[in-house]
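Peer 1: The following block contains the structure, expressed as structure tokens.
The values are calculated or read from the model by the stated rules, or taken from the named source; none is laboratory data. These numbers come from a predicted model, not from an experiment. Reconstructed Cβ throughout: ideal geometry from the backbone, glycine too, with neighbour counts over all protein chains shown. The accessibility values were calculated without ligands, DNA or RNA, using every heavy atom of the protein model including side chains. Shrake-Rupley method; radii C 1.70, N 1.55, O 1.52, S 1.80 Å.
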Amino acid sequence: MSTAGKIIKCKAAVVWEPKKPFSIVEIEVAPPKAHEVRIKILASGICRSDDHILSGAITVKFPIILGHEAAGVVESVGEGVTSVKPGDKVIPLFLPQCGKCSPCIHPKGNLCKMHDLGIAAGVMSDGTSRFTYKGNPVHNFASTSTFTEYTVVHESSVAKIDAAAPPEKVCLIGCGFSTGYGAAINSAKVEPGSTCAIFGLGGVGLSAVMGCKAAGASRIIGVDINKDKFPKAKELGATECVNPLDFKKPINEVLFDMTDGEGVDYSLEVIGRTDTMTAAMTSCNMNYGTSVIVGVPPTASEITFSPSLIFTGRTWKGSIFGGWKSKDSVPRLVSDFMQKKFTLDPLITHTMPLDKINEGFELLHTGKSIRCVLVF
Ligand code: CND
Ligand code: ZN
Ligand code: ZN
């Protein structure tokens, strides 16, 4: 029996307030309105950005359904939807691409004005949510909300992908892989023969390592306070790994020592801390080095630094979703994966059902997982 046009009751992981675990409850998911798409989620990865909400580092409105790195199948579409149809395999896009706003039109832009990052309104474009729990609204997250069996997104926040793509793997193209890989190739624009330093070797940082390798970097230095991350970083292309806790001097000085006093050509901060953002910037060459902030800054955080650090010529920039225009690029990245142009398997360390989501986050907290994928 078709569920189109009807409310769907399903399981979801709801967070009621910061620093509290997820509760698995039955929610109601309203049908998609005009230009919206209801998706049956098949797999969703756990990303540190979800955890920034739990920890309170990033402020949002509660209750909320987190999750933004998923793959699923279209269940039904609202009026006027043309780019996907029921039955299509899709990836929800936490960074939309409406195709009409100035960043969408500009060749260098990707931060579509329809995004809900930073602002965190937690509602659809008409100001309401499609999720309710016992009749009360539950907010959505990053235009996606994927820790639920069904979600509703705007048409600009979903991309059709190859029907044969394995959801439990390509879900990583919805965030972690694309963000890290793209930050290296699109945002830093890593060049062949260069030296790179990647601060933070989680799922996003390791994808940045893969991006640096694909771009032809000759030295890729992984930086992490958890040495258990080093073997995988080396497997994926890091030529050396350093633990800042092993040194008395600051890590930027260590990296200068390792590069004959020159500093690295490119540094990427993939942690989400202001101290490591500054350390990464001061680790790159003072004249032609480029440093990219990929880690999400905590809400209302600020950095004080001497302008002479960039006056000398350094470039300091940020990167959201790896600089990709999401709706155009995600289907292509999935095709590249299907053609074995890159691998996702080493990033996926754990797979478990939605019911075990709290265990999945525990693995992230204890540094034991890279990506834990929830399968539905
Ligand atoms: P994850 O937590 O898996 O990895 C972070 C790594 O950093 C871990 O291996 C830690 O051990 C390491 N680390 C922590 N503190 C330090 C420190 N002081 N010095 C060195 N290493 C340290 O996170 P992830 O890979 O899922 O995400 C990384 C960041 O990227 C995080 O801030 C997340 O919110 C962000 C992000 C950004 C975007 C984007 O579009 N820019 C999209 N998704 C996630
Ligand atoms: Zn993410
Ligand atoms: Zn747009």
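Peer 1: Filter region 111-136 down to residues that are open to solvent by 30 Å² or more (accessible area, probe 1.4 Å) and more than 19 Å from the chain's Cα centre (by Cα), then give me how many there are.
Peer 2: First, the residues of region 111-136 that are open to solvent by 30 Å² or more (accessible area, probe 1.4 Å): 111, 113-115, 117-119, 121, 123, 125-128, 132-136.
Cutting the leftovers down to more than 19 Å from the chain's Cα centre (by Cα) gives us 123, 125-128, 132-136.
Final tally of qualifying residues: 10.
Peer 1: Still on this model: Every residue in region 82-110 that is open to solvent by 60 Å² or more (accessible area, probe 1.4 Å) and in contact with a strand residue (DSSP E or B) (Cβ under 9 Å, 6 or more places away or on another chain), please.
Peer 2: Selection gives 85, 86.
Peer 1: Kindly establish whether residue 67 is of a type outside the set (Val, Ile, Thr), modelled with pLDDT of 95 or more, within 16 Å of ligand 1 (Cβ to nearest atom) and not in a helix (DSSP H, G or I).
Peer 2: Values: of a type outside the set (Val, Ile, Thr): yes; modelled with pLDDT of 95 or more: yes; within 16 Å of ligand 1 (Cβ to nearest atom): yes; not in a helix (DSSP H, G or I): yes.
When the stated conditions are applied, residue 67 passes them.
Peer 1: Scanning region 18-46 for residues that are assigned to a strand (DSSP E or B) and in contact with a Lys or Arg (Cβ under 7 Å, 6 or more places away or on another chain), which turns out most open to solvent (accessible area, probe 1.4 Å)? Give the derivation first.
Peer 2: Here is the first cut: in region 18-46, the ones assigned to a strand (DSSP E or B) are 23-29, 36-45.
Next cut, in contact with a Lys or Arg (Cβ under 7 Å, 6 or more places away or on another chain) only: 24, 26, 28-29, 45.
Numbers: 24: 60, 26: 108, 28: 35, 29: 0, 45: 0 Å².
Per the stated criteria, the residue is 26.
Peer 1: Something else about it: Which pairs turn up if I take residues in region 47-58 that are away from ligand 2 (no atom under 11 Å from the Cβ) and look for partners that are outside any loop (DSSP other than H, G, I, E, B) with beta carbon separation below 6 Å, at least 6 apart in sequence or on another chain?
Peer 2: These pairs meet every condition: 58/52.
Peer 1: Looking only at residues that are touching a strand residue (DSSP E or B) at 6+ places or on another chain (Cβ under 9 Å) and closer than 20 Å to residue 118 by Cβ in region 297-322, which one is surrounded by the most Cβ atoms within 10 Å (Cβ to Cβ)?
Peer 2: Applying the filter and picking the extreme gives 319.
Peer 1: Let me ask you something else. Hey, residue 138 hits all of (1) within 16 Å of ligand 2 (Cβ to nearest atom); (2) part of a strand (DSSP E or B) but one; which does it fall short on?
Peer 2: Single failed check for residue 138: (1).
Peer 1: Here's another thing I want to ask about it. Which one is least open to solvent (accessible area, probe 1.4 Å) among residues in region 363-375 that are in a loop (DSSP other than H, G, I, E, B) and away from ligand 2 (no atom under 16 Å from the Cβ)? Working first, answer last.
Peer 2: Residues of region 363-375 in a loop (DSSP other than H, G, I, E, B): 366-370.
Cutting the leftovers down to away from ligand 2 (no atom under 16 Å from the Cβ) gives us 366-368.
Working: 366: 69, 367: 17, 368: 138 Å².
That would be 367.
Peer 1: Say we look at region 18-50 and pick out the residues that are among the hydroxyl-bearing types (Ser, Thr, Tyr) and within 16 Å of ligand 1 (Cβ to nearest atom); which of these is modelled with the highest pLDDT? Outline the logic, then answer.
Peer 2: As a first pass, look at region 18-50 and keep what is among the hydroxyl-bearing types (Ser, Thr, Tyr): 23, 44, 49.
Those left that are additionally within 16 Å of ligand 1 (Cβ to nearest atom): 44, 49.
Working: 44: 98, 49: 95.
Going through the qualifying residues, I end up with 44.
Peer 1: Among helices (runs of 4 or more DSSP H) lying entirely in region 144-258, which contain 2 or more residues that are open to solvent by less than 10 Å² (accessible area, probe 1.4 Å)?
Peer 2: Working: elements: 167-170, 176-182, 203-214, 230-236, 251-258.
Answer list for region 144-258: 176-182, 203-214, 251-258.
Peer 1: Restricting the search to region 52-75, which residues are touching a helix residue (DSSP H, G or I) at 6+ places or on another chain (Cβ under 6 Å) and surrounded by fewer than 24 Cβ atoms within 10 Å (Cβ to Cβ)?
Peer 2: Matches in region 52-75: 58, 60.
Peer 1: Still on this structure, I have one more. Taking residue 83 as the residue in question, decide whether it is part of a loop (DSSP other than H, G, I, E, B), among the hydroxyl-bearing types (Ser, Thr, Tyr) and either away from ligand 3 (no atom under 16 Å from the Cβ) or farther than 22 Å from residue 270 by Cβ (or both).
Peer 2: Numbers: part of a loop (DSSP other than H, G, I, E, B): yes; among the hydroxyl-bearing types (Ser, Thr, Tyr): yes; either away from ligand 3 (no atom under 16 Å from the Cβ) or farther than 22 Å from residue 270 by Cβ (or both): yes.
Spelling it out, residue 83 is indeed part of a loop (DSSP other than H, G, I, E, B), among the hydroxyl-bearing types (Ser, Thr, Tyr) and either away from ligand 3 (no atom under 16 Å from the Cβ) or farther than 22 Å from residue 270 by Cβ (or both).
Peer 1: Please enumerate the residues belonging to region 272-295 that are buried (at least 24 other Cβ atoms within 10 Å of the Cβ) and under 30 Å from residue 61 (Cα atoms).
Peer 2: Across region 272-295, the qualifying residues are 277, 292, 293, 294, 295.
Results for (1) out of contact with any helix residue (DSSP H, G or I) (no Cβ under 9 Å at 6 or more places or on another chain); (2) of a type in the set (A, V, I, L, M, F, W, C), shown as yes or no for each residue.
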residue	(1), (2)
135	yes, no
138	yes, yes
145	yes, no
160	no, no
163	yes, yes
188	no, yes
193	yes, no
